[in-house]
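The values are calculated or read from the model by the stated rules, or taken from the named source; none is laboratory data. Quick caveat: nothing in here was measured; it's all calculated off a predicted structure. Neighbour counts run over all protein chains shown; Cβ positions are idealised from the backbone, glycine included. Ligands, DNA and RNA are excluded from the accessible area calculation, which covers all protein heavy atoms including side chains. Shrake-Rupley method; radii C 1.70, N 1.55, O 1.52, S 1.80 Å.
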Amino acid sequence: GRTGESLWGFERHGVVPDIMTIGKPMGNGMPVAATILRPELAESFGRDVRYFNTFGGNPVSVAAAQAVLDVVRDEQLQHNALVVGDGLRTQLRSLADPGIGDVRGTGLFIGVELVNSDGSPDETRTLAIVNELRRRHVLTATSGPYNNVLKVRPPLPFSSTDGDRLVTELDAALTRHRG
């Protein structure tokens, strides 16, 4: 739901996968994972493959995963990701730093690309910004083929107030590490 538009990111692109594996955030810290298959694949797998898993169907982990899905639904966290993410991207685009080459994404899945004055990727400054933000108690990382994109992927309950703080701290970090 982090994209805000759909529960699964691939849905934005009209893709219907044959197999999906999901896990990490599903149990909000409780170890749990799942594999989702198209019905005809699940049928042939069950018929043709000898498979056993000692963790399969653990009721405590399944209850945790169900609780997470209930909270996502009941607290409208997917909608929150859409609304807060739209506002956050607007704020990020308004930062007056010439090193911001692009702000892109959807929902709370955002990339802030940092570039040199000639438009080339600025990995050095990006890494300095990540470390400066860490010192300011804001955690992010880098991405992209040139390691020059700040990955902004906060949790689904991230609020507009949280977004304001992120933008304030990023602006200060950008100012401190301006070339």
Just checking, which of L114, L82 is touching a strand residue (DSSP E or B) at 6+ places or on another chain (Cβ under 9 Å), outside any loop (DSSP other than H, G, I, E, B) and either more than 19 Å from G9 (Cα to Cα) or without any contact (Cβ under 8 Å) to a residue 40 or more places away in the chain (or both)? L114
Scanning region 118-140 residue by residue, the ones that are aliphatic (A, V, I, L, M) and open to solvent by 40 Å² or more (accessible area, probe 1.4 Å) total 2
Only one residue in L92, L133, L150, L174 is touching a residue at least 12 places away in the same chain (Cβ under 8 Å), under 27 Å from L7 (Cβ atoms), over 15 Å from the mean Cα position of the chain (by Cα) and not in a loop (DSSP other than H, G, I, E, B). Which one? L92
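Of the residues in region 123-147, how many are under 27 Å from T161 (Cβ atoms) and of a type in the set (D, E)? Please lay out each step first, then the result.
Initially, region 123-147 is screened for residues under 27 Å from T161 (Cβ atoms), giving 126, 128-143.
Going one step further and asking which of them are of a type in the set (D, E), we end up with 132.
Adding up the residues that qualify gives 1.
Pick out the one residue from G111, G119, G99 that is within 14 Å of the chain's Cα centre (by Cα) and of a type outside the set (V, I, T). Give the steps one after another, and end with the answer.
Details: G119 fails: within 14 Å of the chain's Cα centre (by Cα); G99 fails: within 14 Å of the chain's Cα centre (by Cα).
Going through G111, G119, G99 in turn, the sole match is G111.
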Could you check how many residues of region 1-27 are over 26 Å from V60 (Cα atoms) and part of a loop (DSSP other than H, G, I, E, B)? 9
Can you tell me which residue is farthest from the chain's Cα centre (by Cα) among those in region 28-59 that are β-branched (V, I, T) and outside any strand (DSSP E or B)? V49
Has region 50-60 got any residue that is touching a residue at least 24 places away in the same chain (Cβ under 8 Å) and surrounded by 12 or more Cβ atoms within 10 Å (Cβ to Cβ)? yes
Assuming A96 fulfils every condition listed in (1) at pLDDT below 95; (2) farther than 19 Å from A172 by Cα apart from one, which condition is it? (2)
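Does L108 satisfy being surrounded by 15 or more Cβ atoms within 10 Å (Cβ to Cβ), touching a Lys or Arg at 6+ places or on another chain (Cβ under 6 Å), among the aliphatic types (A, V, I, L, M) and closer than 26 Å to M26 by Cα?
Details: surrounded by 15 or more Cβ atoms within 10 Å (Cβ to Cβ): yes; touching a Lys or Arg at 6+ places or on another chain (Cβ under 6 Å): yes; among the aliphatic types (A, V, I, L, M): yes; closer than 26 Å to M26 by Cα: yes.
Criteria met by L108.
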